[in-house]
Each structure stands twice: as structure tokens, then as C-alpha cells.
Amino acid sequence: MITPSNTPHQDEALLEALSTGTSFEDIFYEGSSQEYLKAMSLASQSVVNFLHDNKKPFSGVTAAQLRPQFESVDLSTPLPDYESLMSEVESLYTKHAVTFHHPKYVAHLNCPVVIPAIAAEVLISAINSSLDTWDQSAGGTLIEQKMIEWTCNEIGFDQHADGVFTSGGSQSNMMGLLLARDHYSVEYLKHNIKQNGLPPEASRFRIFVSEAGHFSIQKNAAILGLGEKAVVKVKADRTFRMNTVLLEDAIQRELKQGNIPIAVVATAGTTDFGNLDPLEAIGNIAAKYKLWYHVDAAYGCGLLLSNKHRYLLNGIEMANSVTADYHKAFFQPVSSSAFLVNHKRYLGLITHYADYLNPKDQHSDEIPNQVNKSIQTTRRFDALKLWFTLRIMGKEKLGGYIEKIIETAENVAHIISTDSDFDLLNYSDLSALVFRYNPSVLHTANLIQMNQYIKAQLLKYGDALVAGTKVHGEFYLKFTLLNPLTTTAHIKNILLNIKKHGNEFIKFN
């Protein structure tokens, strides 16, 4: 049993507060350990109840149904105890929270999380290190650096590589484009954007990405002052991978128009189709035209864990920068992502110095400050979750989970493709399958409306959750398989539900 420290070890301010009857039991310190244990016990029990009470992926509640309960909450009046709080949160949140761990949740890129990482979250939140400077995160800084070094080694980068943990793939992709922009400006225009702002030539900067690439590329180009027009979308081939012949054509066309190609982004695992662009071929083209090469492996980074499928990432080692989302493919709680570069010198493009935080005269090897590599200042110690996971489970076990997911996706693709009532649009390198219900009795004009109805009905009843997307203007359903506990039996049950709701639509239309 943990007990509070003796009074002599408490500071003078605390002693004065105790003598006047002031209570600090809600502040996390040595005198409140019993309160901490009570709160953690009730929170843990709430999580256990969540696991056992939610028998389907979603309750089906709508915003209109749930919102009135929030209107009666008076945030100015605290609840009397943790039991009341847990009851309230259960009614407002956990009872209706989408259960990503359920095997019939096959919608978005949300993975179930492993228990070692959840255990790490307890330490992360309680100790509350900030991973910006050494004097706020001693030990934590070195753990993060070790996790970055490990990931860089798995990618195939050499000893010059470096990186930093980020909030997610969109931020990592932004950092890739930021370095691409600033590196080109310094290297070829002798212009320092950090000091002087965008050069006149920036309006002609061009970034190339597959039409199946992530929307954050366009969004980040706009944020970086280049505008969405700076992003040139390259058509994908029939397998939804970037067409490298059309990539080179696009680069040459922009050059002829007087524009300035600065970067190409390859997608290692597209959100909709789970396919990887030809990384090596794109890397060769990037090198030929002296473009910054960024690989968005937010989804596909899980292949780093698999001996069987690692070859799909061949060519990623040619990149200048890489995005890796551990909270998509390493079974980590949100957030857990990283931005990696093949040479640490590039990170100097975003380094800023503050006298109170990371003075310029500090030697970085003696006092390692991660803030020098990040666009954030205060940052959570998310690397500890991955540390816990690798130290308890190991790469091989995690890789086995990835291989199981890919195997299940292959089997599901076969099931859908051999059922005449379905149109399967793709075969996936990873685990995303795009398809639609299309029975022969249906009038073609109602195909889009029927599949939209199916998705809405699945959400309404919550027995299974699938995603939807549009391809060439047509609406499709989508499975995203990220749970090794999901079996073909679960998927067959979901397909039966899809047919049931589809037939309801046909009957009443």
C-alpha cells in the first residue's frame, strides 16, 4: 500500500496550508497518493465496464439525442465525488463511445491499442514531462531519441538521421513540406525564409503528389503560404498507385511553364485503398530533378514490423523525410506519430532559440533539447508508449499482428470479389478495401443512394461500422481492417447486414 510521505518532507508552504485547514488533496503530490489511488481505481473500473458493456461498435446515438443531456450540466457547480463523476461521464461519453477495439469496427484508420501502451499513458499523464528541453524531461528526452533512432534504422537511414515525435500524420506532413520549401529556398535561391519570409519565386513552387494522396498535402501547402495551387496531383494507375510516367510528364510540364518543382510526396499506404506508390521509382525521379522526397508512411509504416511484407517499403530509405503514425499501425493510443529526416542538419531550418528555454550557446550534444527539432514547444512524452510496447511485446509480435491483418484483408477481398452482389474496386497492399453493394435487381440510378443508405443504417444500429468514400464521383463503402482480432466470420456477418439494408432500400424504392 502506498502511503503519503511524512510531514517533515513537505515544504513550508504546504505545512502552512495544512495548519490553516486548506486542503490540497486534488493536487498531485506525495500527500495525495490515497486520493490518486482512489481516482485511478474508479477510472480503471469505468474502463473495464466500457469493455464489458459495449457489445457492438456503436450505440447508434445521434447528436440530437445526446445534446439535451449536456444542456443540463452546470460546469460552475462541481459534483460531490468521483462516483458521481464516473456516472455522469458514463452517461455522456463512455456509454456511446465508438469502440475501436471491437472486431466489427472496420471504418477508419483507428487501431485497437495494446495494454503496455495504455500502462505508459498512466505515467505520461501523471508525471507530465514536457519533451521540449532537457531540464523538463531528463531521461524522457533520451527515450524519445532512442525511439527515433530505432525507427530511422528500420527505415534504412544511416547514422546522420534524426527526427521528433509529433501529434500526427498531418503535422508530420507539414514538417516535410516546410523543410522542402525552406531547403529549396536556401540551397538554390540563397534566401532564408525563416528570417525574410517567402521569396518572390514562392508563387511558382510546385509539389507533386498522387491524386490518391492525403488531403493534408494541399492543406499544408495553403498553411505554408504556397496555396493549394502549388500542389500538382498526378493521376494514379488502375491499382491506385502513382503513375511515375505521368509524374515525370507533370514535372517537365511545370518546368516548361516556368514553375519551380521543389518536392514530390509518395504515399506509402493510401487512406482509401491501402496501396503504396512505387517508392524506388519515385525516389529516382526525385533525385533526377533534385526534388525533396517526402514519403507519407502514416498508414504503411506498420510494414516496418513485418519480415514478410517489409519489401513493399523498398525505396523509403531514399527519402529526405518520412511520416510514421504509430497510432495507426503500431497499435498505440492517440497521439503517437513521428517525423524522420535522413540528415539531422535539415532540422536546423526550423530551429529557433529562446534565452529562457534553449539558448543558442548551449551545446546540443551536452544538453539535448528536442524543441530544436519541433514546430511545437510543449509536447507530451508519447515516445514512452512505444518504449513500453517494444520492451514488453517486441517487434516480432507486433509484426505478427500486422501480417494477420493483411492476411485477413486478402481473404476478405476474395470473399467480396467472388460474390456477384458486390463490386470490389481494389486489392490492397495493406488492409483497406473499397466496394459497393450492387445486386442485379437494382436499377442503376439508385446505386449511389442505396450504398449511402446502407452506411447510414449501419451507423444507426451500431452493429458494425464501415466507412464510405467517393471514387470518380461514385459512392463506395470501405473496410479498413486494423484489428488482428477481426476474422472473416465477422466480415461475413457485416456483409450479410449490408445486403439486408440494401434489400430494404430496394423494397421501399
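Solvent-accessible area of region 71-131 (1.4 angstrom probe, protein heavy atoms only): carbon and sulfur portion equals 61 percent. From the alpha carbon centroid of region 81-144 to that of region 307-325 is 28 Å. Extending 7 Å from the Cα toward the beta-carbon at both Tyr289 and Leu485 defines two label points whose distance is 4.7 nm. Across the chain, the convex hull enclosing all Cα atoms gives 193 Å³ per residue. Accessible surface area normalised per residue over region 284-414 is 43 Å², counting heavy atoms of protein chains with a 1.4 Å rolling probe. Normalised by 2.2 N^0.38 Å, where N is the number of residues, the C-alpha radius of gyration of region 217-344 stands at 1.07.
Can you give me the % of accessible surface on region 136-258 that is carbon or sulfur? Probe 1.4 Å, all protein chains present, nothing else counted.
Carbon and sulfur atoms account for 49 percent of the accessible area of region 136-258.
Taking label points 7 Å from Cα along the Cα-to-Cβ direction, Arg253 and Ser76 give a separation of 6.1 nm.
By average Cβ neighbour count within 10 Å, what is the ranking of 123-132, 137-146, 317-326 from highest down?
317-326, 137-146, 123-132
In this structure, Val47 and Asn128 have a Cβ-Cβ separation that, at R0 = 35 Å, corresponds to a calculated FRET efficiency of about 0.95. The separation of region 267-290 from region 332-391, counted between C-alpha centres, amounts to 27 Å.
Projection of the Cα convex hull of region 215-257, averaged over all directions and equal to a quarter of that hull's surface, yields 3.4 nm².
The percentage of C-alpha pairs in region 137-286 whose separation is greater than 29 Å is 23%.
Each peptide in 190-199, 366-375 receives the mean, over its residues, of other Cβ atoms within 10 Å, and ordering these scores from highest gives 366-375, 190-199. Hydrodynamic analysis of region 255-313 uses the Kirkwood radius over alpha carbon pairs. Inserted into Stokes-Einstein at 37 °C and 0.692 mPa s, it gives a translational diffusion coefficient of 262 µm²/s.
Using a simple spin-label model with pseudo-atoms 7 Å out from Cα toward Cβ, Asp237 and Tyr461 lie 4.1 nm apart.
Rg and Dmax, both from the Cα atoms of region 103-157 and both in Å, are 15.1, 45. With N the number of residues in region 353-509, Rg(Cα) / (2.2 N^0.38 Å) evaluates to 1.56.
The values are calculated or read from the model by the stated rules, or taken from the named source; none is laboratory data. Model, not experiment: these values are computed from the prediction. All Cβ positions, even for glycine, are placed from backbone atoms using ideal geometry, and neighbour counts span all protein chains on display. Side chains included, ligands, DNA and RNA excluded: accessible areas come from the protein's heavy atoms. Shrake-Rupley method; radii C 1.70, N 1.55, O 1.52, S 1.80 Å.
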